[in-house]
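Asks: Quick one: this structure, given as structure tokens, is what I'll be asking you about.
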Amino acid sequence: MEPNIYFNPVSKKRVSEVVYEQIFEKISNKELKQGDRLPSERELAAQFNCGRPSVREALRMLQQDDLIEIDVGANGGAIIKHSIMESAIYPVLRLVGTGDISISDMIQYRRYNDTACLMMAIDNATDNDIKKMQQIMFDYEKHLNNQTKIHKIDKSFHNALAEASHNNMCLLVSKIITSLSTDLFYNIAEQKDADEVNMHNKLAFENHSRMLQCIIDKDKDSVEEIAIGAAELLRKVIYHFNTID
């Protein structure tokens, strides 16, 4: 007896979807990189042998996905804004902005993300990865009292940690967590007492130093304790500054 299954008829793709997919593929395989400029609408229409409205619609779709930005003016046009990996971050950030993912959810998850990242970095980090993190920590200590610089340095450390895992899933998720947690903390910090913020910066520096040392020592036994410490520090800072209930 044949199962009672129904399929939808095959439909032709719209021309704009074909244009979108070809450009998307070139961004995905890194033929097109951040900062590269696409040909003009007229040139793209000629290359794809289609009308300019189809090209315009494809560019609009790419812009919606945060893959390109449209530069206006006499020399304007479409410019590659993000890699496929980076463009996946922004929909999640928007979910946080709408409240679908709460700050409490992020803090709770942070511990497990740091644990996984550290474990993979212990297994996979190269000498160059470690040297990069050591340089970042040198800059971190040097600029502990400079809020503008320490914000960027803190992000750089977490991104370098994720890169040291040599795991793209870890890299993607860590970038999301890093963008959320560091931006949240430093946006709050701008409005708070400098001495108090500097104290929290020092505690974060000490925690990051422990992260780096456990990678160097390949000390997996300390990973969970360090990850819990990082998450708890973030929680205490946010609750202390009364940003969530």
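The values are calculated or read from the model by the stated rules, or taken from the named source; none is laboratory data. Everything numeric here is computed off the predicted structure, so don't read it as measured data. Glycine gets a Cβ as well: all are built from the backbone with ideal geometry, and neighbour counts include every protein chain shown.
Asks: Here's a check for you: in segment 139-170, which residue that is of a type in the set (A, V, I, L, M) and either surrounded by fewer than 20 Cβ atoms within 10 Å (Cβ to Cβ) or not in a helix (DSSP H, G or I) (or both) is farthest from the chain's Cα centre (by Cα)?
Replies: Taking the candidates together, the pick is L144.
Asks: Collect the residues in segment 136-157 that are free of Cβ contacts under 8 Å to residues at least 40 places away in the same chain and closer than 11 Å to L212 by Cα, keeping them in residue-number order.
Replies: I136
Okay, residues lined up against (1) more than 21 Å from the chain's Cα centre (by Cα); (2) closer than 28 Å to R94 by Cβ:
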site	(1), (2)
K26	no, yes
N29	no, yes
R37	yes, yes
R42	yes, no
N49	yes, no
S54	yes, yes
D65	no, yes
I68	no, yes
V72	yes, yes
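Asks: Which is of a type outside the set (S, T, Y), under 30 Å from L171 (Cβ atoms), touching a Ser or Thr at 6+ places or on another chain (Cβ under 7 Å) and modelled with pLDDT of 85 or more, of A78, A58?
Replies: The unique qualifying residue is A58.
Asks: In the set Q47, Q108, Q34, which member is assigned to a loop (DSSP other than H, G, I, E, B) and either at pLDDT below 85 or exposed (fewer than 14 other Cβ atoms within 10 Å of the Cβ) (or both)?
Replies: That would be Q34, the only listed residue that is assigned to a loop (DSSP other than H, G, I, E, B) and either at pLDDT below 85 or exposed (fewer than 14 other Cβ atoms within 10 Å of the Cβ) (or both).
Asks: Can you tell me which residue among N145, N187, N167 is modelled with pLDDT of 85 or more and over 30 Å from D123 (Cα atoms)?
Replies: Unique residue meeting the criteria: N145.
Asks: Given the options S165, S181, S156, name the one that is in contact with a helix residue (DSSP H, G or I) (Cβ under 6 Å, 6 or more places away or on another chain) and more than 23 Å from N198 (Cα to Cα).
Replies: S165
Asks: Among the candidates L233, L203, L212, L180, single out the residue that is farther than 13 Å from A121 by Cα, touching a residue at least 40 places away in the same chain (Cβ under 8 Å) and surrounded by 14 or more Cβ atoms within 10 Å (Cβ to Cβ).
Replies: Result: L180 is the single residue among L233, L203, L212, L180 that is farther than 13 Å from A121 by Cα, touching a residue at least 40 places away in the same chain (Cβ under 8 Å) and surrounded by 14 or more Cβ atoms within 10 Å (Cβ to Cβ).
Asks: Might you check whether a residue that is in contact (Cβ under 8 Å) with a residue 60 or more places away in the chain, small (G, A, S), closer than 18 Å to V92 by Cα and in contact with a Ser or Thr (Cβ under 9 Å, 6 or more places away or on another chain) occurs anywhere in segment 167-177?
Replies: yes
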